[in-house]
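Read the structure below first, then the notes.
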Amino acid sequence: MNHSRTNWKQIIRLSATIHALIALFMVIPTIIAAARGEWAAFRAFITALVIIVAYVAVVLPISRTWSAKGLTIREVYLFVTITWIIASAIGAIPLYVYGTLPDFPSAFMEIMSGFTTTGLTSLTDIESQPQSILFWRSLTHWIGGMGIVVLFVALLPLVGTEGTQLFGAEAVGPTKSKLTPKIRNTASILWLIYVGFTLIETLLLLTGGLSLFDALTVTFGTMATGGFAAKNASIGAYGSAYVEVVVTIFMVIAGINFSLYFLLIKKHVKEVFRDAELRVYLSIFLGFTIIGALKLLFSNVYPSFTTALRYSAFHVASIMTTTGFSTANYSVWPSFFQGLLFALMFIGGSSGSTGGGIKVTRIITMFKLAAQSVRSLLHPKGVFMIQSEHEKIAWKTVNSIAGFIVLYITLVLFVTLVTASSGVDLFTSLSAGLISVGNFGLGLGEVGPAGTGFSVMPAYVKWVLSFAMLAGRLEIYTVFALLSRSFWKR
């Protein structure tokens, strides 16, 4: 495929429509800024809205005369990647114009971190920012959690094109079969479930004494497994065991494959609990939580097992689901507990969840591949297959997962080297690589709960981190396909 063959008209048309949708979301913090008298922030949001509206006002009327030709899979990858980049660029305008961050690369990284639900930040004093700016940061989490394009697919009749390929290009991990015959209905169901959990958690946090602003910003970060908070001390600032328990529960919920909730709604309970990924996911969470709590107790970090369990469960859930919230500075906890968190950075949430990382199902498949390889050595003439529950996994899928992990680790190492080139210590650099590619947001060392690592990093590192977050959120292949020579060939 060459440039002349690329369906740029349709890409531009769809892009304009999706960014019009983002503009509608941006109206919310604009109203908040006006209501609270945050006029400098209000002008910053108006600037961004004017740019978006001008772009959409030019493109959409012209595009009515363009044929609604469908996109090829290559064009889908190009469209999805461009959409996320432009969304982050226009989303960064309010932060840059207001002066939340000193330069555009920092503002871009902040919003890319928001949309990709990573949660890493360059801000050192979050609470000094206007509430409208903080609300927008958190809202980008919620929009990106289930997916910008997945939301778009749910509204796809507006642009008259098929959404299956768009849905797959932004899918959060290897997914199960479609919930309904029509992909648009599947996208709508996922978003409705997502909205339902958002409402429930918000109400529970309001019951716990949080203001509507705090309840919403915490919920946005929780359900999107993002990590942006409106407080410098993250969730620990609220000093509430109730809030921490609610957030822990909903972080675990957000890290589970959302299609399983649809099965629960359809009363297919047995099918849900037969899901191998769910069982392994919950076993890892419970196992690491109990081991971590015992370590915190025996190391005299906390006086009782109940308190140790509360802090252990919160941080295990936060890291495993790639949320990135914190209630304490775990950097001063025993090295063994930090090692548990470090190990979780190589796992992540479930496929089809809002969590990032490698994903539990891929880890399971690779362990099965290792076991199969051992059996093949012991029985050279044997023929073995890898199974998932009651189905055989095609070797094409196994190879795809293996290739994903290779690219994932390669990207982590690349980011580690780039970060280290700026003078950052190696451990912090490795942590930065893991949390940007895995969309964790909070790591160890200078990028841990008490660190200020991202605020002092140079612009070129922030551009690379932004790329890594995007690649990680779009499951590596979508972005890396654009970097291959064959993508641009006929």
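No lab work stands behind these numbers, since they all come straight from the coordinates. Computed from a predicted model, the values in this text were never measured in an experiment. Neighbour counts run over all protein chains shown; Cβ positions are idealised from the backbone, glycine included.
Quick notes on this one:
- Using 0.36 nm per residue and subtracting the Cα-Cα separation, the extra length available between residue 8 and residue 370 on full extension is 125.9 nm.
- The charge dipole of the chain, taken about its Cα centre with unit charges on the Cβ atoms of Lys, Arg (+1), Asp and Glu (-1) only, comes to about 1800 debye.
- Listed peptides 202-212, 16-26 by packing density, highest first (mean Cβ within 10 Å): 16-26, 202-212
- In sequence order, calculated HN-Hα J values of the stretch 223-232 (Karplus, 6.51, -1.76, 1.60; Hz; x Gly/Pro): 5, 8, 6, x, x, 5, 10, 8, 10, 4
- Phi-derived couplings, Karplus 6.51 cos²θ - 1.76 cosθ + 1.60 at θ = phi - 60°, listed residue by residue for the stretch 241-251: 5, 4, 4, 5, 5, 4, 5, 4, 4, 6, 5 Hz, with x used for Gly and Pro.
- Computed packing ranks the peptides 135-146, 250-261, 363-374 as 135-146, 250-261, 363-374, most packed first, by mean other Cβ atoms within 10 Å.
- Long pairs among 9/266; 295/392; 396/462; 396/489; 359/462; 392/462, criterion Cα-Cα beyond 32 Å: 9/266; 295/392; 396/462; 392/462
- Protection proxy ranking, highest mean first, for peptides 306-316, 214-224: 214-224, 306-316, where packing is the per-residue count of other beta-carbon atoms within 10 Å, averaged.
- Rg over Rh, two decimals, the chain (C-alpha only, Kirkwood Rh): 0.96
- Computed helical MRE - 222 nm, the chain, DSSP H runs ≥ 4 contributing -39500 (n - 2.57), nearest 500: -21000 deg cm²/dmol
- Short-range pairs are left out: with C-alpha atoms under 8 Å and at least six residues apart, the relative contact order of the chain is 17 percent.
- Label-point separation, residue 299 to residue 39 (7 Å along Cα→Cβ), nm: 5.2 nm
- Each of 298, 318, 338 was placed along the dipole of the stretch 269-344 (beta-carbon charges, centred on the mean Cα), and the one lying farthest toward the positive end is 298.
- Put a dot 7 Å past the Cα of residue 456, heading toward its Cβ, do the same for residue 274, and the two dots end up 5.6 nm apart.
- Whole-Hz couplings from phi, Karplus 6.51/-1.76/1.60, listed for the stretch 472-479; x for Gly and Pro: x, 5, 8, 6, 6, 4, 4, 7
- Modelled this way, with points 7 Å down the Cα-to-C-beta line, the labels at residue 381 and residue 414 are 4.6 nm from one another.
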